[in-house]
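Colleague: One structure, pasted below without further comment.
The values are calculated or read from the model by the stated rules, or taken from the named source; none is laboratory data. Quantities reported herein were computed from a predicted structural model and do not represent experimental measurements. All Cβ positions, even for glycine, are placed from backbone atoms using ideal geometry, and neighbour counts span all protein chains on display. Each accessible area value is taken on the protein alone, full model and side chains, heavy atoms only, with ligands, DNA and RNA left out. Shrake-Rupley method; radii C 1.70, N 1.55, O 1.52, S 1.80 Å.
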Amino acid sequence: MLFKSLYFIRCQISNNLRLPCSLQQQFFHTAKPLAHKWSLSEYRKGAPRRDDGTAGLPVDFYGEKVIDYPSVDTPTTLFNGIPYESLPRLSITCTKNNTKLSLWDSKNTPMGKKSCYTEGFKGSKKGTTVAAQAAALAMCKLLKLLDTTTVKVIMRGLGPGRMPSIQVLEKQGINVVSITDTTDYVVTKTARPKKARRT
Amino acid sequence: MRHIKFLGRTVLVKDGKIEAAFKIMNRVLASEGCFENFRRNQRYEKPYLARRRFNFERCKAIYEEDMARKISFIMRKNRVEPYPGRT
């Protein structure tokens, strides 16, 4: 009621007296006046929450929806009749000079190993994309022989065989359930890296 | 999950699109600065060089922020798109 009556009076004044806008506002305050007491804690309450970066970017940001992120139910979900946790894992180690592929059981028993050397590449030829393709192809043959074409892939390291080995897996029709990256991007070991190269 | 390595940095492939999923994972890792960090850690970085890099990065961030603001100010427009659906 009070606000309504105040508004009415204000309208009348503006109609009859035609006061400038700023003067009118000085006479009547229909809103709560500004708090005169200023404290840091009060100010902090009103400030927006600091972003700690946990929310991240949405999946849509990265274009096509071809990926899914693991959830709580992932270890128990069935892929080709096998739960995720007991799937065999194919670890691909890509280094500057070699590409190694090894197949492991869910109980940590090795099932097979292939590398560029086993396919007849020696010396610096191991560190090429062709050698990586050959090694991956051999691994695919082994997977088909063992009849374990549903695997989860673990990539490790950055090297020339990183992309070609994945491409071969797709071409050969291996059912890859997930891809994990376990490269040590942040070096936690105490050993000091090699001296920088002279320029 | 029992193994912690499957919690982070894992993507589940959909409809057998392995390469596309792998590329997206790489893009995510690149945007996080993982590859850059890896390459930097291959060789020892002397403290004086690290200090130099930090200062340079700071300056670059300030410059880029300012420049982006300036560009957005110059490129501002309030008119109807003359050729809709061009790009």
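Colleague: Only one of these is more than 17 Å from A:Ser91 (Cβ to Cβ), touching a helix residue (DSSP H, G or I) at 6+ places or on another chain (Cβ under 6 Å), in contact (Cβ under 8 Å) with a residue 24 or more places away in the chain and not polar (S, T, N, Q): A:Pro164, A:Pro160. Name it.
Modeller: Values: A:Pro164 fails: more than 17 Å from A:Ser91 (Cβ to Cβ).
Checking each option against the conditions leaves just A:Pro160.
Colleague: Within region A:68-99, how many residues turn out to be of a type in the set (Asp, Glu) and either assigned to a loop (DSSP other than H, G, I, E, B) or more than 9 Å from chain B (Cβ to nearest Cβ) (or both)? Explain how you work it out, then say what you get.
Modeller: The first filter runs over region A:68-99 and keeps only residues of a type in the set (Asp, Glu), leaving A:68, A:73, A:85.
Restricting the remaining residues to those that are either assigned to a loop (DSSP other than H, G, I, E, B) or more than 9 Å from chain B (Cβ to nearest Cβ) (or both) gives A:73.
Final tally of qualifying residues: 1.
Colleague: Of all residues in region B:28-58, which are among the hydroxyl-bearing types (Ser, Thr, Tyr) and not in a helix (DSSP H, G or I)?
Modeller: We begin by selecting, within region B:28-58, every residue among the hydroxyl-bearing types (Ser, Thr, Tyr); these are B:31, B:44, B:48.
Within region B:28-58, B:Tyr44 is the sole residue that qualifies.
Colleague: The conditions are (1) within 7 Å of chain B (Cβ to nearest Cβ); (2) under 25 Å from A:Ser86 (Cα atoms); (3) out of contact with any Pro (no Cβ under 9 Å at 6 or more places or on another chain), and A:Ser178 fails exactly one of them. Which is it?
Modeller: All conditions are met except number (3).
Colleague: Follow-up question, since we're still on this one. If I go through region A:94-114 residue by residue, how many of them are of a type in the set (Val, Ile, Thr) and open to solvent by 50 Å² or more (accessible area, probe 1.4 Å)?
Modeller: Filtering region A:94-114 for residues of a type in the set (Val, Ile, Thr) gives A:95, A:99, A:109.
Then drop every residue that is not open to solvent by 50 Å² or more (accessible area, probe 1.4 Å), which leaves A:95, A:109.
Final tally of qualifying residues: 2.
Colleague: Pick out the one residue from B:Gly8, B:Gly16 that is on the phi > 0 side of the Ramachandran plot, open to solvent by less than 80 Å² (accessible area, probe 1.4 Å) and either assigned to a loop (DSSP other than H, G, I, E, B) or among the hydroxyl-bearing types (Ser, Thr, Tyr) (or both). Walk me through it before giving the result.
Modeller: Working: B:Gly8 fails: on the phi > 0 side of the Ramachandran plot.
Unique residue meeting the criteria: B:Gly16.
Colleague: For a quick check of your reading of the model, give me the residue pairs whose first member lies in region B:44-58 and is under 16 Å from A:Lys194 (Cβ atoms) and free of Cβ contacts under 8 Å to residues at least 12 places away in the same chain, whose second is of a type in the set (D, E, K, R) and not in a loop (DSSP other than H, G, I, E, B), with beta-carbon atoms closer than 9 Å and at least 6 apart or on different chains.
Modeller: Hits for this filter: B:Tyr44/A:Lys194; B:Glu45/B:Arg53.
Colleague: Now for a separate question. Residues in region A:145-153: is at least one within 10 Å of another protein chain (Cβ to nearest Cβ), farther than 30 Å from B:Lys46 by Cα and open to solvent by less than 70 Å² (accessible area, probe 1.4 Å)? Spell out the reasoning first.
Modeller: Of region A:145-153, the ones within 10 Å of another protein chain (Cβ to nearest Cβ) are A:152-153.
Still in the list and also farther than 30 Å from B:Lys46 by Cα: A:152-153.
Add one more test, that the residue is open to solvent by less than 70 Å² (accessible area, probe 1.4 Å), and what stays is A:152-153.
Yes, that holds for at least one residue.
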